[in-house]
Structure formats: structure tokens, C-alpha cells
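What follows is one structure encoded as C-alpha cells, with my remarks underneath.
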């Protein structure tokens, strides 16, 4: 079963917002056995929308449309679809009532314009939106399914989870799509490809291998499709084991599609050890990553974001002489920071970072991107200098990723 | 001048990665007067790629392709384009030398497979990749331009900035595209639309108004196109002023497309005041947002991420009785946290957060999404309870946005 995603709205085409809906929808649809053939973003232009829908229906069985359902003049999805299917609109009283109630609760006046939100296409079935005023629609047309949802992520997700995914699942007998990802670190993509080429060449038609490189990590993804879930899973696990026999353990960051912070979470939960962090140039990003993981309060004690000298001195115990002689961006400082936070927060492991995230603050011997990272654990302190490329946000991200990998190695004893 | 973006790779279609390249490319192309007609993501499938390229060339003057240029077997962009244009490959010695040098520096063995990276299409001009091994290509074909780049964001950005944007700029006389965004907060989209409908109806053909709602913010974007840059800018500013005359100042978060953390940055830089933060449930995310802004070290002193009781008590001065009687998620605790961080870090303003980000940790009277936020400033402390919807990451984001807006109002005295 193949689907396409069609996103409507200029905001994506002028680069104002990132299409995060697509990634979420693709993942969810994949998990119920629907593969995505194409993702298309078009502008708020009637003819273009109609043409794109026509092309999508020519390739796929299901087309999911998001965006352009709001109450304002730039929202033209409904009128365009009326044109396309040559139908009118019908009012859903259930939706009118829901909007009214909601507005009363929030003390907002109910206006004529709000009632228009309750109109849906005559040839559609209502997909109730519990999180907003624009209802979703399910349309069946010449053997194909067209699903229309608002573009606000939270509203789209509600409609997908509550109605679209269960209804697709009930309607079709879908195959199983299984992905298995290994996360490797420290081996360049091409070298990795060379080493595992024999396994890759031996893969059957229905299992594909993909390489996803980013920031020094290369994810290897095995994707298989089949009708027997267990047989397919076993087959994919066998190929994964063959790959793992080739890649050294120190270079295998995870055997699941885990983010680095999830890897750390699993390791610390398992060993019942704790973590504290002292961040300067990363400004809280490592702590944020760690705390996005549910249950992180089990092993994460807390952090100090020490952006100024006095905080480094008074709250972390960095010596004033250290800052004076070596500066904040130095091995001496990063070591005192990591020692300070580990002691003060009584943690088993600690991370510290200090560097020049830019664009300002550089000196001839300390350029933008120069960062010191330290990790402290039961076996002592490891400190490392890196030169991170890119803009401020890239430097923050790269440093954070590197720090999490240093911690992983320290926990595992590599 | 119209362009299309064509992204190649299964990783986007199965929801493994977000297409962040598209947003960046669209923004940059827009800034030199190139509008984007469509963004398309297709899989690593030869026929599908050729068909999508054909369709894109039918609609636009320029097609920018990213992805599938790596050295591994799943990378088929080059062979597909050879087929499409019916040409072979040529080797770029400059690229071979660059890869060799780079590998020697990093102590990696140079393999045969790496030399293939230096092959580009016979009918293309080299776009040198200073950040990686896969070169970009510039192809002119039947009056259209096809640009091909690697999908790794950092590499694509380097090639775009260094070659693609300047070359497009030099080749064409492009019109001016100007966007002006007003950020409103606290007025529902439909109510806002109703209030400003007269201004909207009076807009000329070449200026469009768009509404971008998210998390309680509604961005209003005026977009104009024209040949006289100054006249267009003046015209857009005039309509923006008309909108600002209708929207109350307290509901106007920014008169530029600024993120909340950038708004805070401008306010604090201007008033030469400082900020400190005590985060519990937001886990460092507010600090991260604040420190993504260049120059934030001017006004941001630091934060304490107090994820555990002992840190709240020992490092923030929250009373043990408070935690015992009211719990960490309480008005009493959030007030003591904000007072503690403001005093200890000697800041003019402070923020504190404490709540249940979930999925665990909820109790009958403290459900997932219940969060207390406090802001302290020269005029005292304001504390507020919110019920945030969504998953862990959404609760963290919503809380952070709300906290930044409370701080904005406190600084401005609303």
C-alpha cells in the first residue's frame, strides 16, 4: 500500500518553517505497513494544488494532505478540493458546538468566521479534531483515499492517532515493514561500506541497506518488507548480527535507532549510576538532550550552566588563577569544572564543556569552534580539545554529541 | 525566476530524518529573489527520480537536487542523472587530491572506493565541496539549470553559499522578494483575522498576507515582490504599521521574524540587565534557547538545572518543608526557586520552572502537563500555573515559550 504526503502552504516554500509533520507522518504510516512514495510541498495556489493532487493520485493509493484549513483568507484547501471533486460543503453541528464550548471556556467571543470552520466537503467523512477548530476529512474517490488535516502539528497528530491510522489498519490487510538501525561512530562512511560490502552484496531483494551519515555518526539501516512478521524480523536480526561481527564494539554506539542521549540513558539506568553536567559553551543543550529522555530523573541529578566567570568560580570551584592564567577555554578550566560539578552534585559521572561557540569571542589562539570537553568517572578525568566546524548552533550540537560519546566510552570502559 | 527542490533518499520517506535542508535552501534562494514552486522528496529509485526531475523541469527554471551522492551502494543519483542526460562521468583530479590530503590528515587509509567520489557528470561544471568528499555539480540543459549537491546539511550549505547563490545572482537579474513578519501572542488566529480584515482586503496584488499559528503565537507575514527594492520595502512597512495600529502592544511579541529568545536578547542587551534561570521540568531547554543567540553571554549569567530534591535544597535554597508540604510542583516551590536563583546568581531577572513533563511522575492532583512557572524582576515575582498538552518534548517546549513570554511582559511592564 503506497501513500503520498502533500503539504500546502507558502511557509514551507519560503523557508519559514520546517516540515516536521512529514517525518512524523511517514514514521507512523510506515509502522502500520504503508510506504511513502513521495512527499510534496506546494504553495497556496489553487491550480498547483489540484495538479499536485492529481499527480499524487496517479502514483499512490492514499494521499494525505495537510495545511490550508484555517479560518483565514490564505487558507484555500477546502475551496480547492470542492472544485477538484466538484462538490459543495456541509456543516457539522458537532464541530460548531465543540468550538462554541471551547471559546466560552477560554473567554473568547464566538464570531461568524468561526462557524465556517465547521464546514467540511460534502463527499467527506468527518475526522473530529479534538485539539483545534479545523476538522479533518476522509474522502474516498475512484478507489483511492484522500485524507485532509490541519497543518498544526499537534492537531494533525491527534487526528492521525485517533482516526486515520486505526481506520487504514482496519480497511486494508497491510504487509509488515521492519527497520533495524545500527549506530556506528568513528568510521568514515566509505571505509565502513568497504568493510561490510560482502554482507551488503549478500542481502536478498526484499531487504535493503542504507547509510545515514551525520556528525561523525553513520547509521546503518536494514529495511525489510514481508508478510510473515516473525520470519522477517529473524532474517533482519541475522544480517544485523553479521554486520556487528565486522564493526568493532567501540565503534558501535547502539544496536537500535537510539539517539546518543537514549544510549546514555540506557547505560546509566542499567548500572544505577548518576550524572551531573557543567556547561559553558553548550549553554544547556547537553542537559536538554539528557532530559528529553523519559525517566531521566532516575539518573540525572542536575547541571550548572556557568556562562560567566563568577559562576565558574563561586559555584563550580574553578580557581580564579586558572581563569587568569589559562582562560576559560583551556584544559585546566574544563578539568576543574568537571571535578567541581562531580563533587558538588555527588554524581558518579560528570561532563563539562567550555569553548568558543562564536560568532564573537574568538582570539588568535582560540578561534571560533575551539572547545574543551571533559568527562569524569570512577576512573578519573578524560579531557579532549575539538575544533568544531560550522555556525554557533552547529558548534553547540557537535560539542554535545562528542561529549555524550566520550561519556559513553567512559561508562563502557573503552 | 522559479526553482524547485528535489530531495533524494529513503531516510526522509520513512521518517528517519527531518528535511532541514529544504527550509534553509528555500530561505536563501528567496533572499536572492528566487521563489520556490515545489519541494519534492522521492526515494532512491531510478525511475521515480527521473520522472520527478522531468516534472520539476516542466514547472521551474532551476532544479536543486540533494542527496544520493555518497560512496555507498544506496547512492544512485549520479548514475541516474547519467541515464537522464545520456552522458558519462569524468574524473576531477582536484577532488582526488583534496580527498587524499584530507584522509592523510585524519590518518584514514585511501581506498579505491574513495576515488569514485571524484567523478562528476560529463555535462556538468564542478561545484567544489570544501567540507566533504562528494562534489556538487552545475548542469545547464535546454535552457534550464540543474544543481546537484550532497545531502549532508553542512556540505550542502558550503556549496550553496560559496558557489550556487553567487552564480545564480550573477547569471540572472532577479526581482526583490521582501518578507516582513509580526509576531503576535494571546489572540486566536480567527479573531485576529477578523480584526485586521480591512487592512488585509486593501492589500495590492503583489503583497500577500499569511497567518502562521503555533503554540499560542500567530506570526503575520507580509510578502511582496517587485523590481524597486526601496519602494517595495516602504510599501510593506506601511501595511505593517497599519496592522500594528490594530494589534495591542502587549500582544505584539515582535515586529520582526524574531524567535522569543531573540526578543529577550534584544530587550536585555538594550537595558543592560541580566538573566539567570532555575530549571526543573524544562531540563535546560530555556537556557539552550537563550544561549543560541549570539552575544547572549552579555546578559545571561547562568542556570541551575535542579532535577533532584537535594540540588533544589542545597543549591537553590528551596526549603525542605516546602518540598515536603507542597511538593516540587507547587507555587511555593517555584517561587523559592526563582528567588533563590536571582539572589545566588545576582541577576536582574530570573525564571524558574517545575512541573510534570511525563510520561511518568504524575499523581491524581498533579497530572502530566501541569507546570508552574515563575519570573522574578525588579518589581517582584509573578507565578503562573499552566496545563501543557502533548508529549514530553511538547510540554518542555510550551513551558519554555510561555516562560520567555512571561519574562518579556515583566521586562516591558505589561
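Give me a count of the residues in region A:274-298 that are touching a strand residue (DSSP E or B) at 6+ places or on another chain (Cβ under 6 Å) and surrounded by fewer than 24 Cβ atoms within 10 Å (Cβ to Cβ).
1
Based on what the data block shows, is residue A:137 within 14 Å of another protein chain (Cβ to nearest Cβ) and either under 27 Å from residue B:390 (Cα atoms) or exposed (fewer than 15 other Cβ atoms within 10 Å of the Cβ) (or both)?
No.
Restricting attention to region A:13-29, and to residues there that are out of contact with any helix residue (DSSP H, G or I) (no Cβ under 7 Å at 6 or more places or on another chain) and at pLDDT below 90, which single residue is farthest from residue A:41 (Cα to Cα)?
So, considering only residues that are out of contact with any helix residue (DSSP H, G or I) (no Cβ under 7 Å at 6 or more places or on another chain) and at pLDDT below 90, the one farthest from residue A:41 (Cα to Cα) is A:27.
Which residues, taken from region A:384-400, are more than 9 Å from every other protein chain (Cβ to nearest Cβ) and either more than 22 Å from the chain's Cα centre (by Cα) or closer than 15 Å to residue A:217 by Cβ (or both)?
Answer for region A:384-400, where residues must be more than 9 Å from every other protein chain (Cβ to nearest Cβ) and either more than 22 Å from the chain's Cα centre (by Cα) or closer than 15 Å to residue A:217 by Cβ (or both): A:384, A:385, A:386, A:387, A:388, A:397, A:398, A:399, A:400.
Of the conditions (1) modelled with pLDDT of 90 or more; (2) within 12 Å of chain A (Cβ to nearest Cβ), residue B:363 clears all except one; give me its number.
(2)
Just wondering, is there one or more residues in region A:152-174 that are modelled with pLDDT under 95 and under 30 Å from residue A:387 (Cα atoms)?
The answer is no, given that none of the residues of region A:152-174 is modelled with pLDDT under 95 and under 30 Å from residue A:387 (Cα atoms).
Do we have residue A:253 as assigned to a strand (DSSP E or B), away from every other protein chain (no Cβ under 14 Å) and crowded, with 19+ Cβ neighbours inside 10 Å here?
Against the criterion (assigned to a strand (DSSP E or B), away from every other protein chain (no Cβ under 14 Å) and crowded, with 19+ Cβ neighbours inside 10 Å), residue A:253 qualifies.
Could you check region B:206-222 and list, in sequence order, the residues that are within 17 Å of residue B:244 (Cα to Cα) and under 22 Å from the mean Cα position of the chain (by Cα)?
B:209, B:210, B:211, B:212, B:217, B:218, B:219, B:220, B:221, B:222
If you scan region A:144-161, which residues turn out to be surrounded by fewer than 19 Cβ atoms within 10 Å (Cβ to Cβ) and either assigned by TED's automatic domain parsing to the domain that holds residue A:236 or within 12 Å of residue A:28 (Cβ to Cβ) (or both)?
If the condition is that a residue be surrounded by fewer than 19 Cβ atoms within 10 Å (Cβ to Cβ) and either assigned by TED's automatic domain parsing to the domain that holds residue A:236 or within 12 Å of residue A:28 (Cβ to Cβ) (or both), then A:161 is the only one that fits.
Can you pull out the residues in region B:184-205 that are more than 12 Å from chain A (Cβ to nearest Cβ) and either under 27 Å from the mean Cα position of the chain (by Cα) or on the phi > 0 side of the Ramachandran plot (or both)?
B:184, B:185
Does residue B:132 qualify as being assigned to a loop (DSSP other than H, G, I, E, B), at the interface with another protein chain (Cβ under 10 Å from one of its Cβ atoms), closer than 20 Å to residue B:5 by Cα and in contact with a helix residue (DSSP H, G or I) (Cβ under 9 Å, 6 or more places away or on another chain)?
No: the conditions fail for residue B:132.
Filter region B:350-363 down to residues that are farther than 15 Å from residue B:330 by Cβ and free of Cβ contacts under 8 Å to residues at least 60 places away in the same chain and give me whichever is surrounded by the most Cβ atoms within 10 Å (Cβ to Cβ).
B:358
Scan A:225, A:246 and give me the residue that is more than 25 Å from the chain's Cα centre (by Cα) and over 30 Å from residue A:312 (Cβ atoms).
A:246
So which strands (runs of 3 or more DSSP E) stay within region B:1-111 end to end and still have 3 or more residues that are away from chain A (no Cβ under 11 Å) and crowded, with 16+ Cβ neighbours inside 10 Å?
Correct list: B:62-66.
A quick yes/no check of all residues on (1) surrounded by fewer than 23 Cβ atoms within 10 Å (Cβ to Cβ); (2) within 13 Å of another protein chain (Cβ to nearest Cβ); (3) at pLDDT below 95:
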{"residue": "B:240", "(1), (2), (3)": "yes, no, no"}
{"residue": "B:245", "(1), (2), (3)": "yes, no, no"}
{"residue": "B:257", "(1), (2), (3)": "yes, yes, yes"}
{"residue": "B:313", "(1), (2), (3)": "yes, yes, no"}
{"residue": "B:323", "(1), (2), (3)": "yes, no, no"}
{"residue": "B:334", "(1), (2), (3)": "no, no, no"}
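When residue B:164 is evaluated against the numbered criteria (1) in contact with a strand residue (DSSP E or B) (Cβ under 7 Å, 6 or more places away or on another chain); (2) crowded, with 19+ Cβ neighbours inside 10 Å; (3) not in a helix (DSSP H, G or I), which criterion, by number, is the only one it fails?
Going through the list (1) in contact with a strand residue (DSSP E or B) (Cβ under 7 Å, 6 or more places away or on another chain); (2) crowded, with 19+ Cβ neighbours inside 10 Å; (3) not in a helix (DSSP H, G or I), residue B:164 breaks only (3).
Of all the strands (runs of 3 or more DSSP E) wholly in region B:170-243, which have at least 3 residues that are touching a residue at least 60 places away in the same chain (Cβ under 8 Å) and under 28 Å from residue A:111 (Cα atoms)?
It comes to B:176-185.
Which ones in region B:358-383 are under 27 Å from residue B:273 (Cα atoms) and under 28 Å from the mean Cα position of the chain (by Cα)?
Listed by number, the residues that qualify are B:371, B:372, B:373, B:374, B:375.
If you scan region A:280-305, which residues turn out to be closer than 18 Å to residue A:346 by Cβ and facing chain B (nearest Cβ under 9 Å)?
Selection gives A:287, A:290, A:296, A:297, A:300, A:301, A:302, A:303, A:304.
The values are calculated or read from the model by the stated rules, or taken from the named source; none is laboratory data. All figures in this text were calculated on a predicted structure; none of them were measured in a lab. Heads up, the Cβs are rebuilt from the backbone with ideal geometry, glycines too, and the neighbour counts pull from every protein chain shown.
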